[in-house]
1. Does Arg363 qualify as being open to solvent by 40 Å² or more (accessible area, probe 1.4 Å), on the phi < 0 side of the Ramachandran plot and either at pLDDT 65 or above or not in a helix (DSSP H, G or I) (or both)?
2. Criterion first (under 19 Å from the mean Cα position of the chain (by Cα), open to solvent by 20 Å² or more (accessible area, probe 1.4 Å) and either of a type in the set (Gly, Ala, Ser) or at pLDDT 85 or above (or both)) does Ser346 satisfy it?
3. Identify the residue in segment 157-192 that is under 32 Å from the mean Cα position of the chain (by Cα) and farther than 21 Å from Thr112 by Cα and, among all such residues, is surrounded by the most Cβ atoms within 10 Å (Cβ to Cβ).
4. Can we say Gly111 is surrounded by 15 or more Cβ atoms within 10 Å (Cβ to Cβ) and over 25 Å from Leu81 (Cα atoms)?
5. Take Ile121 and decide whether it is in contact with a Lys or Arg (Cβ under 8 Å, 6 or more places away or on another chain), modelled with pLDDT of 90 or more and either open to solvent by 10 Å² or more (accessible area, probe 1.4 Å) or over 20 Å from Pro16 (Cβ atoms) (or both).
6. Take segment 396-410 and flag every residue that is in contact (Cβ under 8 Å) with a residue 12 or more places away in the chain, under 15 Å from Leu334 (Cα atoms) and surrounded by fewer than 18 Cβ atoms within 10 Å (Cβ to Cβ).
7. It is to be established whether one or more residues within segment 70-79 are at pLDDT 85 or above and β-branched (Val, Ile, Thr).
8. Across segment 22-36, what is the total count of residues that are free of Cβ contacts under 8 Å to residues at least 60 places away in the same chain and hydrophobic (A, V, I, L, M, F, W, C)?
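The values are calculated or read from the model by the stated rules, or taken from the named source; none is laboratory data. This structure is a prediction, so every number in the text was calculated from the model and none was measured. Cβ atoms come from the backbone with ideal geometry, glycine included; neighbour counts cover every protein chain shown. Ligands, DNA and RNA are stripped out before the accessible areas are found, and what is left, the full protein with its side chains, is counted by its heavy atoms. Shrake-Rupley method; radii C 1.70, N 1.55, O 1.52, S 1.80 Å.
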Amino acid sequence: MQPLHVRLWQTLGRRPWILDGGLIALPLALFAVLTAVGAEGRTLFGGQGPWLLVLSLDLMTTLPLAARRSRPAWAAGLIALGALGQVLTLTGPGYTALTVPIVLYSVAKFGTRRASRLYLIVALIGAVLLGGQVFVQQMIFLGGPPVDPMTFVLVLLLTGFSAAVVLVAWLLGDLGGRRRREIAAITERNELLELEREHETRLAADAERMRIAREMHDVISHSMSVMIAQADGGRYVVAQDPQRAGEAFETIGRTGREALTEMRSMLGVLREERESLLLRPSPGLEDLGRMIADVRAAGLPVELNDRVAETLGRPPALPEGAGLAVHRIVQEALTNTLKHGGPEASATVALQAEDGWLIVAVRDTGRGSRAETDGAGSGLLGMAERARLHGGTVEATAHTRGFDVVARLPLTDHDE
C-alpha cells in the first residue's frame, strides 16, 4: 500500500483545480474582497467606482484561476472579460493584473495551440488598452489637454512593459506546453509498444513451447532407443564378455544422464510464464546485434562493445544452449532499462573473454536505485536461473547512476 503523502499527491495531480484554487485563486479572491470593502471602491491604480462593481470585476479576474489547468481557455476568456470591464469602467486594473500573465502562461502550456495564440493577441491588445486607460485618467486628473509630454513617455513605457510581460509569460508557457506534449507522445508510444510487445511475446512463447516439445520428443526418442539397444546387447554378452557388457551399461548411464540434463533444461524454459522481448528460434551470440537494433528502434540508445574476438581471435565456444542464455540475459536487462530507466537512459553491452569465462556486462545510465521498482522481479530471477543452468552466475547492482547486470558463463575448448 502506498504512503499517505504519495496517495494525496496523486489525488491532487488528478484534480489540479484543488491546488490551483487553494493556493492561487482563493487567496487572490479573498484579498480582492478585503480591498473592495476596505477602500470603498478605490483601486490601486487610482480608479474609483462602486465597491460592488470593483469587487465583481476583481472576482471575475481571480476565481477562474482555479481552472487554469483543467479548463485553460475558459479561464482565460473570463479573465479577459473581467480585465476589459476594468479598463472600460476606469476602475482598474489593480493588483489583479497579475492574473493576466498567469492565465496566459497556463493557456499556452495546457491549452491548444489555437487558443494560446488567440489569447496572446488578446493580451497584447489589452496592454495597449491599459496604456490608453492611464492616458485618459491623466487627462481627467489634469482637467483635459494639453497633456504633459512626460505622460506620453510614461504611457509608452507602461504599454511596452505590459506587452513584454505577457509575451514572456506566453513564451514560457509555450515552451512548457511543447515539452508536456512531447512527454505525452513518448508515454503513449511506450504504452503502445508495451502492448504490442506483450502480444508478440505471448505468440512467440507459444511457438517456443511447441518447438521445445518437439525437441523433447526427439531427445527422449533418441536416448531411449540407445539405452534399449545397449541394454539388450549387454544382456547377451554379460556372460561371454563382461568388459563389453560394462561398456554397454556405462553408455546407458551416460546417455540417461545427458537426456535428463537436456530435459531439465527444456522444462526450465517451459516453466517461464513470459519473455520480455520478441523471441526468435534459438537466438545466440550472433543475434545480439539484431536484437540491440530492435531495442534502439524502441527508443533506447545502446552501444555494443564486443571484445571477445579480439581476445580469442575466434568465436567463443559455449556449452550447448549457453548462447541462448546470453541472448536472453542481455534481452531482459535492456528491457528493464526500457521499463524503469527513464526517458534519458542509455545502455552499453560489453562482451569479454577472461580466464576461461565469458563475461557479459549490461550497464545503463537510468534511474537505478531511484526507480520505483525494487528490482526484485521475476526478470532478474530468470536471468540468474539461465546462467546457473549452464554453470554461470549473474550479479545485478542498482546505484544512483544506473543499473548494472554482469553475467559470467564458462567457455569450453574447441579442441575438446
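1. yes
2. Working: under 19 Å from the mean Cα position of the chain (by Cα): yes; open to solvent by 20 Å² or more (accessible area, probe 1.4 Å): yes; either of a type in the set (Gly, Ala, Ser) or at pLDDT 85 or above (or both): yes.
Judged against the criteria, Ser346 is a match.
3. Of all residues in segment 157-192, those under 32 Å from the mean Cα position of the chain (by Cα) come to 167-192.
Next cut, farther than 21 Å from Thr112 by Cα only: 190-192.
Details: Asn190: 15, Glu191: 10, Leu192: 10.
Going through the qualifying residues, I end up with Asn190.
4. Values: surrounded by 15 or more Cβ atoms within 10 Å (Cβ to Cβ): yes; over 25 Å from Leu81 (Cα atoms): no.
So Gly111 does not fit the description; no.
5. Considered against the rule, which asks whether it is in contact with a Lys or Arg (Cβ under 8 Å, 6 or more places away or on another chain), modelled with pLDDT of 90 or more and either open to solvent by 10 Å² or more (accessible area, probe 1.4 Å) or over 20 Å from Pro16 (Cβ atoms) (or both), Ile121 comes out as no.
6. Asp404, Val406
7. Scanning segment 70-79 turns up at least one residue that is at pLDDT 85 or above and β-branched (Val, Ile, Thr).
8. Initially, segment 22-36 is screened for residues free of Cβ contacts under 8 Å to residues at least 60 places away in the same chain, giving 22-23, 25-27, 29-30, 33-34, 36.
Those still in the list that are hydrophobic (A, V, I, L, M, F, W, C) too: 23, 25-26, 29-30, 33-34, 36.
Total meeting the criteria: 8.
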